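Okay, structure first, notes after.
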Amino acid sequence: MLAERLRRLGQDHIADILEDESRRHEAMRIESDLGGVDLDLVERIMRGEGLAEVPPSEVRPAAVVPASFSSSPSAAQCVLAGRRLLEQGKVAALLVAGGQASRLGVESPKGCVEVTPLTGKTLFRVFAEQILALGRRFGRPVPWFIMTSPVNHAQTVEYFTANDFLGLDPRMVFFFPQGVLPSLTGEGKFILAPEGGLYLNPDGHGGVFRALLTSGMFDAMRDLGIEEIFTFQVDNPLVKVCDPLFVGLHSMQGACMSSKVVRKAGFDEKVGVMVEYGGRTRLLEYSDMDDAIRYATDENGEMLHWAGSIAIHLMRLDFAREVASRSHALPFHRAVKKIPALAPDGTTVTVEGIKFETFIFDALAHARTSVTLEVTRSEEFAPVKNLTGTDSLETSRVLQSKRHVSWLRAIGVDVRDGVTVEISPLFALDREELASRRAEIGDVITRDTYLG
Ligand code: UTP
C-alpha cells in the first residue's frame with residue numbers, strides 16, 4: 001500500500017526498494033522514516049499548494065516602538081506589568097533548537113557550542129543561567145520548553161542529563177521534537193541518505209506550532225498556568241530571556257504576537273524586516289525581499305526598512321494554540337541546499353535539493369494585534385551563525401564582552417581597553433543588578449575578568 005502511494009507521488013525509485021525482497025533492510029529504514037512524515041502534506045507541497053507567496057512589492061514599514069521608549073514613564077509601567085506576570089508564573093520560555101546548523105558545521109546540537117568569551121559556557125548554559133536567575137528574582141521558576149528535531153533530540157536530552165540540567169529543576173524543562181519532511185530533487189524526487197533511509201529535513205521553526213500541539217506541550221503549559229510564551233533562537237547569547245519590558249508591553253497592548261527588532265547594520269544585512277501589508281504586521285525574510293524593498297529609502301535618503309528582526313517573539317498561549325489547530329496556517333518556503341545523497345551505485349554524491357520549511361513569524365499574519373519593539377543591538381544581539389567572519393563565534397564573543405564592559409563602565413568601573421569581561425547571568429542579569437553589586441567589584445579592571 002505504501003509502495004502504491006509512493007508511485008502515485010512519482011517516487012518509483014523508492015517504491016522499487018520497498019518491493020524488492022533482497023533490499024528488506026533498506027526498505028525497513030525507509031518505512032520507519034516515512035512513519036514520521038505526513039504524506040498528505042508532501043503531496044500538497046508537490047502540487048505547489050500552500051507555498052509562500054511573493055510579497056507585494058509595495059509594503060510599508062511596520063510601526064515600531066522606538067528604543068528610546070525604554071526610558072519613558074510608560075515603559076516603567078510595562079516593566080511592572082511584565083514582572084507581575086513573571087511573579088505569577090504566567091510566562092514560559094520557548095527555545096527553537098531543531099535546526100541543522102549547517103553553516104556552523106558542528107556535530108553536536110548548536111546549543112552545545114561553547115560560546116562565552118572566557119569560561120566557554122555553552123549556549124544552552126547561558127540560557128539556563130538566565131532562566132535560573134529569573135526564577136530567583138521573581139520567586140517562581142520559568143518553565144523552559146525546548147524544541148529539538150529527530151536528528152538532535154537524543155543528543156540534546158543527553159547533554160542536559162549529563163550536565164545536571166544545568167542547575168535547573170528537570171521538571172521545569174520540557175523537550176519535544178519537531179516534524180520532518182523529505183527534501184526533494186529539482187525533479188521532485190525523494191533523496192536517499194548516504195547513511196540509509198531518506199534525507200529528511202526539520203520542517204522549519206514554524207513547525208513549533210504543530211509540535212507543541214501533537215506533543216501535548218500546550219496542555220503542559222496550560223496546566224502550569226502559562227499565558228505568554230517568549231520564543232527565541234539558539235544562536236544568540238545576548239537574548240534577554242523573558243525581558244519584563246517586552247512581556248509587559250506586549251501584554252498591556254493585548255497583542256497576540258510581538259517581535260523585537262534592531263536597526264539593521266546596513267541594507268545588505270541578512271535579517272528579515274518588519275513590514276505591514278494586508279492590514280497586518282508581517283516579517284519579510286531576507287531571502288524573500290526584492291531589491292526595491294531591500295534598498296528602499298525614505299525622503300531623507302535613509303534606509304526605509306531598517307527594522308531588522310532578531311527572531312525574538314512573544315505569543316499568547318491561546319493565540320499559538322489557535323494557529324496550531326488551523327490546518328495549513330503557515331505557508332512553506334523553499335530553500336535550495338547542497339545535500340549528501342546515496343547514488344544508485346552506492347557512492348555518496350552531493351545533489352542540489354529543495355527543502356521546505358515553515359517560519360514561526362508567518363504566524364504574524366494571524367495576529368490581530370502585534371507590537372514591534374526596537375532594542376539596542378549591542379545589548380541584545382550577537383548571533384552565532386557561521387564558522388568564521390560575520391556572525392561567527394569570534395564576533396559574538398567580542399560583542400558579549402563589549403556589552404559587559406559597557407555595563408561595568410556605566411556603573412563607574414574603570415575597565416582598561418583590551419580587557420575581556422564575562423558576567424554570568426547568575427551574578428547580574430542586567431545592568432541594574434550589576435549596579436546593586438557595585439561594592440563587590442573593584443574600581444579598576446586591568447585584566448580579563450569573569451564575574452560569576
Ligand atoms: P537557522 O535559520 O539559523 O537555521 O535557524 P539552522 O538550520 O539552525 O542553521 P543553518 O541555516 O543550517 O546554518 C534559526 C533558529 O531556528 C531553529 C534553529 O535551531 C535556530 O534556533 N530552527 C531552524 C528550528 O528549530 N527548526 C528548523 O527546522 C529550523
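The values are calculated or read from the model by the stated rules, or taken from the named source; none is laboratory data. Everything numeric here is computed off the predicted structure, so don't read it as measured data. Methodologically, a virtual Cβ is constructed for each residue, glycine included, from the backbone with ideal geometry; neighbour enumeration extends over all protein chains shown. The protein model used for the area step is the full one, side chains on, heavy atoms only, and it has no ligands, DNA or RNA in it. Shrake-Rupley method; radii C 1.70, N 1.55, O 1.52, S 1.80 Å.
General observations
- In segment 246-302, the qualifying residues are those that are hydroxyl-bearing (Ser, Thr, Tyr) and within 28 Å of Phe319 (Cα to Cα), and the one that is surrounded by the most Cβ atoms within 10 Å (Cβ to Cβ) is Ser259.
- Among the residues of this structure, Ser70 does not count as one that is over 30 Å from Tyr277 (Cβ atoms) and open to solvent by 30 Å² or more (accessible area, probe 1.4 Å).
Here's the yes/no breakdown for (1) in contact (Cβ under 8 Å) with a residue 24 or more places away in the chain; (2) touching a helix residue (DSSP H, G or I) at 6+ places or on another chain (Cβ under 6 Å):
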{"position": "Lys338", "(1), (2)": "no, no"}
{"position": "Leu342", "(1), (2)": "yes, no"}
{"position": "Thr376", "(1), (2)": "yes, yes"}
{"position": "Phe381", "(1), (2)": "yes, no"}
{"position": "Ser406", "(1), (2)": "yes, no"}
{"position": "Arg416", "(1), (2)": "yes, no"}
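- Filter result (touching a Leu at 6+ places or on another chain (Cβ under 9 Å) and more than 19 Å from Gly272 (Cβ to Cβ)) within segment 42-65: Val42, Glu43, Ile45, Met46, Gly50
- Test for Ala329: is it more than 13 Å from the ligand (Cβ to nearest atom), within 15 Å of Gly207 (Cβ to Cβ), open to solvent by less than 50 Å² (accessible area, probe 1.4 Å) and touching a Lys or Arg at 6+ places or on another chain (Cβ under 7 Å): no
- Residue check, Ala363 assigned to a helix (DSSP H, G or I), within 16 Å of the ligand (Cβ to nearest atom) and among the aliphatic types (A, V, I, L, M): yes
- Enumerated helices (runs of 4 or more DSSP H) restricted to segment 15-109, each holding at least 1 residues that are within 30 Å of Arg5 (Cβ to Cβ) and either modelled with pLDDT under 95 or over 26 Å from the mean Cα position of the chain (by Cα) (or both): 24-35, 39-46
- Against the criterion of being more than 16 Å from the ligand (Cβ to nearest atom) and crowded, with 23+ Cβ neighbours inside 10 Å, Phe209 does not qualify.
- Members of segment 98-122 that are over 16 Å from Arg397 (Cβ atoms), surrounded by 23 or more Cβ atoms within 10 Å (Cβ to Cβ) and more than 6 Å from the ligand (Cβ to nearest atom): Pro109, Gly111
- Leu314 fulfils the conditions (1) within 16 Å of the ligand (Cβ to nearest atom); (2) of a type outside the set (Gly, Ala, Ser); (3) open to solvent by less than 20 Å² (accessible area, probe 1.4 Å) except for a single criterion, (1).
- Of the listed requirements (1) surrounded by 21 or more Cβ atoms within 10 Å (Cβ to Cβ); (2) under 30 Å from Glu26 (Cα atoms); (3) of a type outside the set (Ser, Thr, Tyr), Val351 misses just one: (1).
- Screening Thr390, Thr369, Thr446 for residues that are open to solvent by 10 Å² or more (accessible area, probe 1.4 Å) and within 21 Å of Gly99 (Cβ to Cβ) leaves exactly one candidate, Thr390.
Here's the yes/no breakdown for (1) more than 12 Å from the ligand (Cβ to nearest atom); (2) surrounded by fewer than 23 Cβ atoms within 10 Å (Cβ to Cβ); (3) not aliphatic (A, V, I, L, M):
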site: Phe176; (1), (2), (3): no, yes, yes
site: Lys189; (1), (2), (3): yes, yes, yes
site: Ala193; (1), (2), (3): yes, yes, no
site: Asp203; (1), (2), (3): no, no, yes
site: Leu213; (1), (2), (3): yes, yes, no
site: Leu224; (1), (2), (3): yes, yes, no
site: Glu227; (1), (2), (3): yes, yes, yes
site: Val234; (1), (2), (3): no, no, no
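- Taken across segment 257-266, residues that are touching a helix residue (DSSP H, G or I) at 6+ places or on another chain (Cβ under 7 Å), more than 16 Å from the ligand (Cβ to nearest atom), over 25 Å from Lys355 (Cβ atoms) and part of a helix (DSSP H, G or I) do not occur at all.
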